[in-house]
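The values are calculated or read from the model by the stated rules, or taken from the named source; none is laboratory data. No experiment lies behind these values; they were computed from the predicted model shown. Every residue, glycine among them, receives a Cβ derived from its backbone with ideal geometry; neighbour counts consider all protein chains shown.
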Amino acid sequence: MPTILNPNLSRFQWAVLLLVYMVTPPTWAAPTASFTTFVNPGGPPYSVFLNAISSSPWEGNNAITNLEWSDSKNGNIIQQITTATSFSSAGTYSITLTVWDAAGNSDTLTKSVTVGKNGSTSPPPTNGDSSTPDILPIPSFKIEEINGFTVKVDASASSSGNNSSSITKYEYEAVSYGQFGIDSSKSYTSTTPKTSITFNKAGSYTISLHVTNSNGKRSTTPAQQNVNVKPLEITANFITGVIDGCRVSVNASASTPTNQIVRYEYSWRQSGSTESGNVTRYTDYSDITLPQSGTYNISLKVFNASGNSSINTSNQNVTIGTSCASTEDSTQLNQGSSFGNLIYGDPNTTVTNDDFTIMVTASIGSDINAFEPLTLEAISAEGFVVGNDNSVDINATIVPSPEHENVYIVIVIGWDDQEGLTDWGKVKWYYKVLPKDILNDGWKRFTPELSDLSNLSIPQYIMARSGEQSHSVNVFTGQLLPPEIEDFGTARRVHFVVGYTPNNDLYLLSQPITLKVPVPLTPSN
């Protein structure tokens, strides 16, 4: 019989009771564990598919926040709402599901399943036609790896249903929830059990999977997994070495992630002096020319295509001996150095940076007869600013690898409308064409667009014989006026690249030479 409170309690006693009630946290009923099983026909091994979606509640104060499967043969199983286990021999086994809420309240349910020739299965999901039962497929997947915004999934444990069918389609949907409902969603379809899903931004996502078999039957209940994706941390790391004179090699191949870094920003300062400077490189292995002998601190920050910088600045000290007397021509914008060159294309090539040389010079002036040369010091990370009335004259000298008997000179120009650091996939790239094919003032747009210079494939520009020969090439002469470009803003920078290809599979190129226009240009001005 319930206890009835004494109505004659004093005010003080009522206050005490009310205070006790207010400070005592409310208790919620424990969640309820519930699941269904389906023993897949065939075997060994004998697969059993498990589904805990009937457990409750999934929302509210005592919502299920964690669950754990185990069986009497294999121990713990993959921890997700829908999963599977398998047994190598026929028999009867117990399967246990435990669910918890955030307060630690739990509930456990154990069921027995029999597998094998003499065993029985729980009623499988069908298409409703009892005369020709058609077992629906059951999805199951696991998260193999999370690498930045890319999530690798494996749905090999999914069941196709009937033995005569196979899974032909895997449909994933990833949803991120915000304060007011769905914040973002992404759908992805694959025909193979192992695949990767790439997200556009960081966040916590619920990934759901449906599968369809070769009979056209689709699963009714999705398998689900929760993931948290975030950008990979970019780290800078490099080593140095003295080459000769005032030149120092810089090797940043230890920076990570290697396949995402597109820009290397070096700064240097001489100890006990005000001498300092900075240079930009686009390959992990390059070199820097310092002004005089002495001890220098060199620092490095690296950037990905989106302009995100490394979480650290890597530093190295290097000492240049008294023999340092810079023989480097500061007007050589590619430094005339093999370390500054880019090699793209054929992964089996034996050509190295030491086998060829590309030297690039540029002059600027308002009078064609009074051009002044640009120097390395004048070319900053953002590009040299060209005056309104100025024209530029860019030329290159190329010494191909001795093993390349026939070479084709390549000249590429990229118009850039970005305000910040350059995302090379957004640059509008053109290539210079043979004189007999001159259209649009000698330049043709890449179709399809280049994502970056590493997937370069263009018609040849000038054919030059004998790989031992030095070739002089005019890259560009004139004012920087952008062409008509669809879906393009206002030009802020222009990038010039020159090099050669021996076979249209291998490309050997200079660093991009970047010039900054004085004001944002449109085709009308």
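Of the residues contained in the stretch 28-48, none is found to be modelled with pLDDT under 75 and touching a helix residue (DSSP H, G or I) at 6+ places or on another chain (Cβ under 9 Å). For the stretch 80-104, the set of residues classified as part of a loop (DSSP other than H, G, I, E, B) and under 19 Å from Ala155 (Cα atoms) consists of Gln80, Ile81, listed by residue number.
Filter the stretch 303-325 down to residues that are of a type outside the set (Gly, Ala, Ser) and under 11 Å from Arg263 (Cα atoms) and give me whichever is modelled with the highest pLDDT. Don't jump to the end; show me each part of the working.
Here is the first cut: in the stretch 303-325, the ones of a type outside the set (Gly, Ala, Ser) are 303-304, 308, 311-313, 315-320, 322, 324.
Filter once more, keeping what is under 11 Å from Arg263 (Cα atoms): 303-304, 308.
Working: Phe303: 88, Asn304: 81, Asn308: 80.
Once the filter is applied, the top-ranked residue is Phe303.
Can Ser190 be described as modelled with pLDDT under 90 and either in contact with a strand residue (DSSP E or B) (Cβ under 8 Å, 6 or more places away or on another chain) or not assigned by TED's automatic domain parsing to the domain that holds Phe38 (or both)? Show your work before the answer.
On the way: modelled with pLDDT under 90: no; either in contact with a strand residue (DSSP E or B) (Cβ under 8 Å, 6 or more places away or on another chain) or not assigned by TED's automatic domain parsing to the domain that holds Phe38 (or both): yes.
No: the conditions fail for Ser190.
Among strands (runs of 3 or more DSSP E) entirely within the stretch 397-498, having at least 2 residues that are modelled with pLDDT under 80 and out of contact with any Pro (no Cβ under 9 Å at 6 or more places or on another chain) singles out 462-465.
Within the stretch 356-368, is there a residue that is in a loop (DSSP other than H, G, I, E, B), modelled with pLDDT under 80 and under 37 Å from the mean Cα position of the chain (by Cα)? No, every residue in the stretch 356-368 fails to be in a loop (DSSP other than H, G, I, E, B), modelled with pLDDT under 80 and under 37 Å from the mean Cα position of the chain (by Cα).
For the stretch 281-302, filtering for residues that are out of contact with any Ser or Thr (no Cβ under 6 Å at 6 or more places or on another chain) and farther than 20 Å from Asn259 by Cα leaves 9.
Across the stretch 127-156, the number of residues qualifying as modelled with pLDDT of 85 or more, surrounded by 16 or more Cβ atoms within 10 Å (Cβ to Cβ) and part of a loop (DSSP other than H, G, I, E, B) comes to 4.
Return yes when Val279 is aliphatic (A, V, I, L, M), surrounded by 16 or more Cβ atoms within 10 Å (Cβ to Cβ) and either in the same structural domain as Ser454 (by TED's automatic domain parsing) or closer than 24 Å to Lys426 by Cβ (or both) and no when it is not. In short, yes.
The numbered conditions (1) in contact (Cβ under 8 Å) with a residue 40 or more places away in the chain; (2) surrounded by fewer than 18 Cβ atoms within 10 Å (Cβ to Cβ) are all true for Gly272 except (1). Just one of the numbered conditions (1) at pLDDT below 70; (2) at positive phi is not true of Gly104: (1). Residues in the stretch 209-259 that are among the hydroxyl-bearing types (Ser, Thr, Tyr) and in a strand (DSSP E or B) were compared, and the one that is surrounded by the most Cβ atoms within 10 Å (Cβ to Cβ) is Thr212.
Could you check the stretch 260-291 and list, in sequence order, the residues that are part of a loop (DSSP other than H, G, I, E, B), under 30 Å from Gly148 (Cβ atoms) and among the β-branched types (Val, Ile, Thr)? Before you say what the answer is, go through the steps one by one.
Step one: of the stretch 260-291, the residues part of a loop (DSSP other than H, G, I, E, B) are 271-275, 282-284, 290-291.
This time we only want the ones that are under 30 Å from Gly148 (Cβ atoms), so: 282-284.
Within the stretch 260-291, Thr283 is the sole residue that qualifies.
Could you go through the stretch 234-246 and let me know if any residue there is in contact with a helix residue (DSSP H, G or I) (Cβ under 8 Å, 6 or more places away or on another chain), within 23 Å of Asn308 (Cα to Cα) and at pLDDT 80 or above. Yes - at least one qualifying residue is present in the stretch 234-246. Residues of the stretch 84-97 that are in contact (Cβ under 8 Å) with a residue 24 or more places away in the chain and surrounded by fewer than 16 Cβ atoms within 10 Å (Cβ to Cβ): Ser88, Ser89, Ala90, Gly91, Thr92.
When you scan the stretch 159-173, how many residues do you find that are modelled with pLDDT of 85 or more and either among the aromatic types (Phe, Trp, Tyr) or not in a strand (DSSP E or B) (or both)? Number satisfying all stated conditions: 3.
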